[in-house]
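K.L.:
Got a structure for you, questions after.
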Amino acid sequence: MCHHSRRDMMKPRNPSANGHGAAVSWYERRPLVALAPMEAVTDSPYRRIVRAIAPEAVLYTEFTPARGLLAGAERVWRMVHFEESERPVIVQLYDNLPETLGEAVSEIGKRYRPDGYDLNMGCPVRKVASRGAGCGMLATPDVAADAVRHMIERADGVPVSIKTRLGIHDKTQVVEVAHACVEAGAVQVSIHARLKADRPKVPADWDALARAAAQIPVTVIGNGDVWTVRDARRMVELPGVDGVMIARAGIGNPWLLRRCCQALAGRELDPLPTREEKARVAMEHLRANVAEKGERRGVLEMRKVVRNYIKGHIDSKRTWMRIIDVESEVDTLAALEQFAAGPEQRKHEPRTVPS
Ligand SMILES: Cc1cc2nc3c(=O)[nH]c(=O)nc-3n(C[C@H](O)[C@H](O)[C@H](O)COP(=O)(O)O)c2cc1C
């Protein structure tokens, strides 16, 4: 407890941070609810959907390779493109070279002014981590800190944060890396409560998360296994944890973000969406995705996402089977229309319960 209160002194809560004050930076907001960066998921079409339903949520781009940006790859530049309506939006970058990261920030700054730049230090994929980027940076706190320094130097006042895991083999490793990055100027740390090698099925270790968070003197966002409003409430009760970041549970479920914002602000929760509403938003998402990426890619990419939108109803599976059988926008929309008109009855109680 003594330890806990000392850390609270280091990190004073901002009583005026109510999420509406213009002067309040995104990481000073309370409650602080974020949709996690997810490759091939949190693109501009989906961020716009989430923004419309959860106006207070903090949104991230997909993780973007700094050197791909510098090479001018159009596909990579699309990843950092965002609309004004999406703010606050944080651009997440990865690379192993601090200079490259700094240059990428500088190039992005010529075209956009995001609300933050986030350094990915959590990606475990071999191609990324083996060359010292993503999770690989956890092994080299000095390089991580240098990267933060280079990014800040080129960020023109835009705040820089990091997103990392508990460690590579040791769940206390994050503390040293976070301290080095905070010393270098990082204003916020997101911690995915797993080790590098942990499969997504391994339960996130919230005890280890709380132990680490209590030692980090800036805003800490907890991440890992927030599936329900109740999970979000429990996560922010952990000592040292200031906000929640939701990844898998937020795919095709923007309402979870909305309800978490409401719950953590002490407001009344909206009812769960009806199947009609889910179908309507899934259709809107599909159209936006097709407009952005063309019909074939737009439709195929949306399949697994649509599956999440329509989950939990007696005809979910039937609808899903129909959707994976078609490849055109109009046929997919027709399947969703049919789903919208089905009976409201649910197959089982939804996982997102108001409590
Ligand atoms: C499809 C998918 C893509 C992801 N892409 C990224 C990414 O681009 N950057 C990142 O930092 N983490 C990425 N992650 C990790 C998530 O941000 C998050 O840390 C992890 O899924 C744990 O949160 P959860 O238990 O709420 O899913 C991804 C996860 C998923 C499932």
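K.L.:
Kindly evaluate E86 against the criterion of being free of Cβ contacts under 8 Å to residues at least 60 places away in the same chain, more than 13 Å from the ligand (Cβ to nearest atom), in the same structural domain as V24 (by TED's automatic domain parsing) and under 22 Å from the mean Cα position of the chain (by Cα). I'd like the intermediate steps shown before the answer.
P.N.:
Working: free of Cβ contacts under 8 Å to residues at least 60 places away in the same chain: yes; more than 13 Å from the ligand (Cβ to nearest atom): yes; in the same structural domain as V24 (by TED's automatic domain parsing): yes; under 22 Å from the mean Cα position of the chain (by Cα): yes.
Yes; evaluated as a whole, the condition is true for this residue.
K.L.:
Given the conditions (1) under 15 Å from the mean Cα position of the chain (by Cα); (2) free of Cβ contacts under 8 Å to residues at least 12 places away in the same chain, report the number of the one that R267 does not fulfil.
P.N.:
(1)
K.L.:
Test each condition in (1) under 23 Å from the mean Cα position of the chain (by Cα); (2) modelled with pLDDT under 95; (3) not charged (D, E, K, R) for M283 and report the one that comes out false.
P.N.:
(2)
K.L.:
Another question about this same structure. Out of the residues in region 281-326 that are among the small types (G, A, S) and in contact with a Pro (Cβ under 9 Å, 6 or more places away or on another chain), which is surrounded by the fewest Cβ atoms within 10 Å (Cβ to Cβ)?
P.N.:
Here the residue is A291.
K.L.:
Any idea which of (1) buried (at least 18 other Cβ atoms within 10 Å of the Cβ); (2) under 16 Å from the mean Cα position of the chain (by Cα); (3) within 15 Å of the ligand (Cβ to nearest atom); (4) in the same structural domain as S44 (by TED's automatic domain parsing) is the one W206 doesn't satisfy?
P.N.:
In the conditions (1) buried (at least 18 other Cβ atoms within 10 Å of the Cβ); (2) under 16 Å from the mean Cα position of the chain (by Cα); (3) within 15 Å of the ligand (Cβ to nearest atom); (4) in the same structural domain as S44 (by TED's automatic domain parsing), W206 misses (2) alone.
K.L.:
Another question about this same structure. Any idea which residue in region 44-64 is nearest to the ligand (Cβ to nearest atom), counting only those that are out of contact with any His (no Cβ under 9 Å at 6 or more places or on another chain) and over 16 Å from W255 (Cβ atoms)?
P.N.:
Here the answer is F63.
K.L.:
While we're on this one: Inspect all residues belonging to region 300-311 and state whether any of them is outside any helix (DSSP H, G or I), within 16 Å of the ligand (Cβ to nearest atom) and hydrophobic (A, V, I, L, M, F, W, C).
P.N.:
Taking every residue of region 300-311 in turn, none turns out to be outside any helix (DSSP H, G or I), within 16 Å of the ligand (Cβ to nearest atom) and hydrophobic (A, V, I, L, M, F, W, C).
K.L.:
Can you pull out the residues in region 94-130 that are more than 16 Å from the ligand (Cβ to nearest atom) and within 19 Å of V58 (Cα to Cα)?
P.N.:
Within region 94-130, Y112, R113, D115 qualify.
K.L.:
Now for a separate question. Taking interchain pairs and intrachain pairs at least six residues apart, which have beta carbon atoms under 7 angstrom, with the first residue in region 218-231 and in contact (Cβ under 8 Å) with a residue 12 or more places away in the chain and the second near the ligand (Cβ under 8 Å from one of its atoms) and part of a helix (DSSP H, G or I)?
P.N.:
V226/A249; W227/A249
K.L.:
I would also like to ask the following. Of everything in region 168-179, what is surrounded by 19 or more Cβ atoms within 10 Å (Cβ to Cβ) and in contact with a Pro (Cβ under 6 Å, 6 or more places away or on another chain)? Give them in sequence order.
P.N.:
V177
K.L.:
What do you reckon, is Y117 touching a residue at least 12 places away in the same chain (Cβ under 8 Å), assigned by TED's automatic domain parsing to the domain that holds H179 and surrounded by fewer than 18 Cβ atoms within 10 Å (Cβ to Cβ)? Break it down into steps so the answer makes sense when it comes.
P.N.:
Values: touching a residue at least 12 places away in the same chain (Cβ under 8 Å): yes; assigned by TED's automatic domain parsing to the domain that holds H179: yes; surrounded by fewer than 18 Cβ atoms within 10 Å (Cβ to Cβ): no.
No; evaluated as a whole, the condition is false for this residue.
K.L.:
Follow-up question, since we're still on this one. Only one of these conditions is not met by D146: (1) within 13 Å of the ligand (Cβ to nearest atom); (2) at pLDDT 95 or above; (3) touching a Pro at 6+ places or on another chain (Cβ under 9 Å). Which number is it?
P.N.:
Tallying (1) within 13 Å of the ligand (Cβ to nearest atom); (2) at pLDDT 95 or above; (3) touching a Pro at 6+ places or on another chain (Cβ under 9 Å), D146 fails exactly one: (1).
K.L.:
Can I ask one more? If A71 meets every condition in (1) over 13 Å from the mean Cα position of the chain (by Cα); (2) in contact (Cβ under 8 Å) with a residue 24 or more places away in the chain apart from one, which number is that one?
P.N.:
Evaluating A71 over (1) over 13 Å from the mean Cα position of the chain (by Cα); (2) in contact (Cβ under 8 Å) with a residue 24 or more places away in the chain leaves (2) as the failure.
K.L.:
Of the conditions (1) away from the ligand (no atom under 13 Å from the Cβ); (2) under 25 Å from E284 (Cβ atoms), G72 clears all except one; give me its number.
P.N.:
(2)
K.L.:
Within the group R194, R199, R165, which residue is within 14 Å of the ligand (Cβ to nearest atom) and surrounded by fewer than 20 Cβ atoms within 10 Å (Cβ to Cβ)?
P.N.:
R199
The values are calculated or read from the model by the stated rules, or taken from the named source; none is laboratory data. This one's a predicted model, so the numbers in the text were calculated from it and none came from an experiment. Please note: Cβ atoms are built from the backbone with ideal geometry, for glycine as well, and neighbour counts cover all protein chains shown.
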